[in-house]
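**Q** Shown below is the structure under consideration.
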Amino acid sequence: MPDIELFSFEACPFAQRTRMMMIEKGIDCSLTEVDLYNKPDWWKELSPHGKVPLIRHNGEIVYESRIINEYLEDVFPDPPLLPKNSQRRALARIWIDYCDTYFLPALHKLIGDRHDEDKQRENRAAVAEKFLFIENEGLKKLGRGPFFMGEEITLVDLQFMPFIERFPCYEELWGADIPDECSRLREWIKSMEQRESHRKTVNTLEFHMQRYEKYNKAA
Ligand SMILES: N[C@@H](CCC(=O)N[C@@H](CS)C(=O)NCC(=O)O)C(=O)O
């Protein structure tokens, strides 16, 4: 039995980051699906916040997707998923942070304000502005692709991709879109869609729509 256990939930984009990481690194782990709608007692005891992903390695737990992925990078340095150069490494962390601190909250507002069309106009503009920032300040300045930081895939790609995979639901349900100017972003998405770690963890649009549509049905 592998000495790493990953606790996950099929639909969870955060857990997908770590499932992609395991594949990128070639790490052998056991995968346990947690029923988040009916959390078992053993899970409540194991997980301080009750959230996936969580890993147990040599009997110790690590949680929070970005912390888990950095932990795995430390413990399994090959193949590297952070640049060697300190400045580039800092830049990678800046973009990892950008994803969770700026990009995801903008997406979440589209869900939160779904019944308020005035706010949704602002929210759609805010999401477009985030994509343009990624295009102009990120992809165009960091390298020539095909990955976020340039020639090599890094933790930055894994941070964003699960949410980009689900973005068609935001287009379909709440009218958000990726601005036409974001050609580098579109190329990046194509590169990521071919990546084994994505192909092995991707779900269909129908699968995601079933989950996102529940928000619209809720009050
Ligand atoms: N910041 C966390 C977010 C993880 C998260 O929100 N996971 C959700 C599923 S997508 C979860 O476990 N929800 C269960 C709960 O909140 O009780 C991370 O990056 O790992």
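**Q** Could you tell me whether any residue of region 63-71 is within 30 Å of I153 (Cα to Cα), touching a Leu at 6+ places or on another chain (Cβ under 7 Å) and in a strand (DSSP E or B)?
**A** Yes, region 63-71 contains a residue that is within 30 Å of I153 (Cα to Cα), touching a Leu at 6+ places or on another chain (Cβ under 7 Å) and in a strand (DSSP E or B).
**Q** Within region 31-55, how many residues are touching an Asp or Glu at 6+ places or on another chain (Cβ under 9 Å), over 23 Å from T154 (Cα atoms) and either in a strand (DSSP E or B) or within 8 Å of the ligand (Cβ to nearest atom) (or both)?
**A** 4
**Q** So is A11 surrounded by fewer than 18 Cβ atoms within 10 Å (Cβ to Cβ), near the ligand (Cβ under 8 Å from one of its atoms) and of a type in the set (A, V, I, L, M) or not?
**A** Judged against the criteria, A11 is a match.
**Q** Do we find that E73 is exposed (fewer than 13 other Cβ atoms within 10 Å of the Cβ), acidic (D, E) and away from the ligand (no atom under 13 Å from the Cβ) in this structure?
**A** Against the criterion (exposed (fewer than 13 other Cβ atoms within 10 Å of the Cβ), acidic (D, E) and away from the ligand (no atom under 13 Å from the Cβ)), E73 does not qualify.
**Q** Without any contact (Cβ under 8 Å) to a residue 12 or more places away in the chain, within 13 Å of the ligand (Cβ to nearest atom) and not assigned by TED's automatic domain parsing to the domain that holds F14, is that true of H115?
**A** Judged against the criteria, H115 is not a match.
**Q** Any idea which of (1) within 30 Å of D177 (Cα to Cα); (2) open to solvent by 70 Å² or more (accessible area, probe 1.4 Å); (3) within 15 Å of the ligand (Cβ to nearest atom) is the one I94 doesn't satisfy?
**A** Result: I94 passes all but (3).
**Q** Looking only at region 31-70, which residues are among the small types (G, A, S), surrounded by 18 or more Cβ atoms within 10 Å (Cβ to Cβ) and more than 19 Å from the chain's Cα centre (by Cα)?
**A** Correct list: empty.
**Q** Pairs under 7 Å by beta carbon, first residue of a type in the set (F, W, Y) in region 189-218, partner surrounded by 13 or more Cβ atoms within 10 Å (Cβ to Cβ), six or more apart or different chains?
**A** Matching pairs, first to second residue: Y212/C169; Y212/L173; Y215/I111; Y215/R114.
**Q** Could you look through region 76-87, keep only residues that are more than 14 Å from L155 (Cα to Cα) and not hydroxyl-bearing (S, T, Y), and pick out the one that is surrounded by the most Cβ atoms within 10 Å (Cβ to Cβ)?
**A** In this case the residue turns out to be N85.
**Q** Scanning for something of a type in the set (G, A, S) and either more than 18 Å from G112 (Cβ to Cβ) or not assigned by TED's automatic domain parsing to the domain that holds I111 (or both), does region 186-194 turn up at least one residue?
**A** Within region 186-194, one or more residues are of a type in the set (G, A, S) and either more than 18 Å from G112 (Cβ to Cβ) or not assigned by TED's automatic domain parsing to the domain that holds I111 (or both).
**Q** Moving on to the next point. Can you name every residue in region 72-83 that is in a loop (DSSP other than H, G, I, E, B) and not aliphatic (A, V, I, L, M)?
**A** Matches in region 72-83: F76, P77, D78, P79, P80, P83.
**Q** Further, regarding this structure: Of the conditions (1) among the charged types (D, E, K, R); (2) surrounded by 13 or more Cβ atoms within 10 Å (Cβ to Cβ); (3) without any contact (Cβ under 8 Å) to a residue 60 or more places away in the chain, E165 fails just one. Which one is it?
**A** Only one criterion is unmet by E165, namely (3).
The values are calculated or read from the model by the stated rules, or taken from the named source; none is laboratory data. None of the values given here were measured: they were computed from a predicted structure. Note that each Cβ is placed from the backbone with ideal geometry, even for glycine, and that neighbours are counted across all protein chains shown. In case anyone asks, the SASA skips ligands and DNA or RNA and just uses the protein heavy atoms, side chains included. Shrake-Rupley method; radii C 1.70, N 1.55, O 1.52, S 1.80 Å.
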